[in-house]
Structure formats: C-alpha cells, structure tokens
Amino acid sequence: MLTMLSCLAVLVNAPNGVPTGAPAYASPVSQHGRLQAKGNRIVGKHGRSVSLAGNSFFWSQWMPQYYTPEVVRWLKRDWRAGIVRTAVGIGPGGYLENPEAETARVSTVVDAAIAEGLYVVIDWHDHDAHKHEPQAIAFFQKMAQKYGKRPNVIYEIFNEPTKVSWAEVVKPYSERVIAAIRAIDKDNLILVGSPTWSQDVDVAAADPVKDPNVAYTLHFYAGTHKQWLRDKAERALDKGVALFVSEWGTCDANGNGKVDVESTRQWVEFMQKHRLSHLNWSVADKVEAASILRPGASTKGEWKEEDLTESGKLVRSIVRDWFR
C-alpha cells in the first residue's frame, strides 16, 4: 500500500488531480464473500482478514440528491471504494415521518451497491434508537427479508448512542434488534454502537452482546479524537472483539474546523495496523469541512478535482489506495 504522503503526491501530480493508469480490480464481494467476525478481525470466505475503505452517505432526509446509482458507481470505479454506507435518517423529516420515502432511498443505494459488487452498510442513523425500537425492528426485518441472502449487506443497528448506559440501554436494545434480524438472516455481519457517540468500545467489549457475528462501531473525527480514543480501541481489541469504523471525518466532531492532516495520518496508520474497515463521512455538498463535495457537485458522480473539497481530495487518495 502507498503511504498517505505518496497517495497525496499521486493526486497532486496527476492530470486534473485524477490518477491515471490505475489497474482494474475484482469486486470486493466476489473476492471476499460474506464477512464474519472472527476474534478481533473481520474475515472473508477465505478465512483471511478483510479491511475495506469507502464512503458514508449523509443523512438521507437532508441530502437525498446523492442517493443515486450513478454516485455509487462513481465511488466504485473512480474512488475504488469497496464499501458504502447508507444513513437512513430517523429524526425530523426522516424515517419516522416518511418511512416509505426513506426506505426507497436506502434501497436505491443498496441495489446499486449489489449491482457493483460492493459491500453496503444499512445504517439506522439515530442518536436515540432505544426510543424507536419498534420502528427499528420493523425496518431491519424488512431489510433482512429483502437482502438477507445477499453477502453484500451489513446491518448497523444504532448509529451513535449518546451518554446512556451500555448495560441498561444500548446492550438490551441491540440484543432485541439482533434477535429480530437473526430470525430472518442468520449469517450477515451486524454492527453494534456503543455509548458516547460510538466511542466506548472498551465498555462494550467488557460485556459483549451474545451473537458470534457482530462488530462494534468506532467513530472518530481526526480534529477532535486523538490517542486517547485509539487507546480505548486497543483495549477493546485486546478483549477479543472486532471493530468497524463505520463513520470517521478528517475534521472536528461537529463537521467543521480545519482538515487535520496529521491526525488523519495517525488514524489511517492505526486502521492499517489493525486492518479495520472504514467509511468516511460524508457524500454531501453541505458547506462544512466533513463534506467531500463542493456545493452543486453533480448528483451523477463524474466529479472533477474542482468538485472536491480539501477533505474530499484527501479521503479519495486514502480510499483509492487501500488494501486490495
């Protein structure tokens, strides 16, 4: 793999910021098949650890224009993403008010990812999922019935619990939602959040849910989260659980601030060391540092260098040269 600095050099020196001559590669799902947690690693059908890189879409109700097959195709073919994440927005204007519209947006991305041979995370993007448990169960039952036979699909059942108890709130919720999924889909990987915006992975690892095929989501923003969070992640890994970085950003946790290149480098090295899969936040043209796109960028992909933000250029270089 190229180092981050060499990735950036490739990006800067290539015409229009687009590296040329990149080799084609087989689809990730055809290479690795259904993913499984095995100890503190995620492995493929071949039994070897798998580390994927890709992009998370923005809250579906607030950035629906990018939930298109063309964007998924561009992320696969130009960014060389191996995985995408569809973030079904639950709160104001989202799934609780418009379940059919939000489900349709999710399905558009999932269907496109399957067609491209990508993995896809179906994310219940909610900070209060424990307050919406019946709706979450019904949603994931529907997703499992529709996609449970597809090795592409990964379920993320609670995006970011806030400051609530793992033992009393998040774990019981997770076990009930997992049971509902497993009644339909016994095989696909499930991602479980932890308190404090999916940072307390060490707490979850000390009292894990009772399912053999789960990983715990680790979320970080490079401008805010430093070595102390990597230390928590190390403790979780040492306890033998698998981690999955289903959301990360190059900037501060509020989505703004400067792009922290040095901290991003440190996090990239950490994810490489532990072969963690990761999804960058986000496919959006919102005016904030975390967005990969400048305002008005095409909803069909085909983005040029001038369409990408500072974060978008950096993340593209990382994703393109991730493990194959």
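Structure above, values below:
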{"read-out": "Sum of -39500 (n - 2.57) over DSSP H runs of 4+, divided by residues of the chain (222 nm, nearest 500)", "value": "-10500 deg cm²/dmol"}
{"read-out": "Region 161-208 - percent relative contact order, Cα under 8 Å, separation 6 or more", "value": "55"}
{"read-out": "More than 18 Å apart - percent of Cα-Cα pairs taken over region 16-130", "value": "55"}
{"read-out": "Entries in Lys258/Lys286; Lys149/Lys300; Lys210/Lys239 that, when Cα-Cα distance is taken, lie over 20 Å", "value": "Lys149/Lys300"}
{"read-out": "Cβ-based net charge around Glu70, under 9 Å, with every Lys or Arg adding one and every Asp or Glu removing one", "value": "+1"}
{"read-out": "Listed peptides 205-218, 307-320 by packing density, highest first (mean Cβ within 10 Å)", "value": "307-320, 205-218"}
{"read-out": "Share of alpha-carbon pairs per 10 Å distance bin for the chain, given as whole %", "value": "6, 29, 39, 22, 4, 0"}
{"read-out": "Too-long pairs where the Cα-Cα distance tops 29 Å, listed order kept, from Lys76/Lys142; Lys38/Lys131; Lys45/Lys226", "value": "Lys38/Lys131; Lys45/Lys226"}
{"read-out": "Kyte-Doolittle mean at least 0.0 and Cα axial length at least 24 Å: DSSP H helices in the chain", "value": "99-116"}
{"read-out": "Reach of Lys273 by Cα under 16 Å, taken over aspartates and glutamates that are not fewer than 8 positions away in the same chain", "value": "Asp231, Glu234, Asp238, Asp321"}
{"read-out": "Cα shape, region 221-304, gyration tensor, a/c 1.5 rule", "value": "prolate"}
{"read-out": "Rel. contact order, % - alpha carbon contacts under 8 angstrom, at least six apart, the chain", "value": "21"}
{"read-out": "Fraction of accessible area attributable to carbon and sulfur, region 198-324 (%, probe 1.4 Å)", "value": "49"}
{"read-out": "For region 39-93, alpha-carbon Rg relative to the globular expectation (2.2 N^0.38 Å, N residues)", "value": "1.43"}
{"read-out": "Region 43-191 - convex hull of the alpha-carbon atoms, volume per residue in Å³", "value": "117"}
{"read-out": "Rg/Rh (Cα only; Kirkwood hydrodynamic radius) as it applies to region 163-292", "value": "0.99"}
{"read-out": "Shape call, region 167-218: gyration tensor on alpha carbons, a/c limit 1.5", "value": "prolate"}
{"read-out": "Part-to-part distance (alpha-carbon centres) for region 300-324 and region 219-248, which is given in Å", "value": "23"}
{"read-out": "Beta bridge orientation in the chain: antiparallel %, DSSP, nearest 5", "value": "15"}
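The values are calculated or read from the model by the stated rules, or taken from the named source; none is laboratory data. As the structure is a computational prediction, the values presented were derived from the model and not from experiment. All Cβ positions, glycine included, derive from the backbone under ideal geometry; neighbour counts span all protein chains shown. Only protein heavy atoms, including side chains, enter the accessible area calculation; ligands, DNA and RNA are left aside. Shrake-Rupley method; radii C 1.70, N 1.55, O 1.52, S 1.80 Å.
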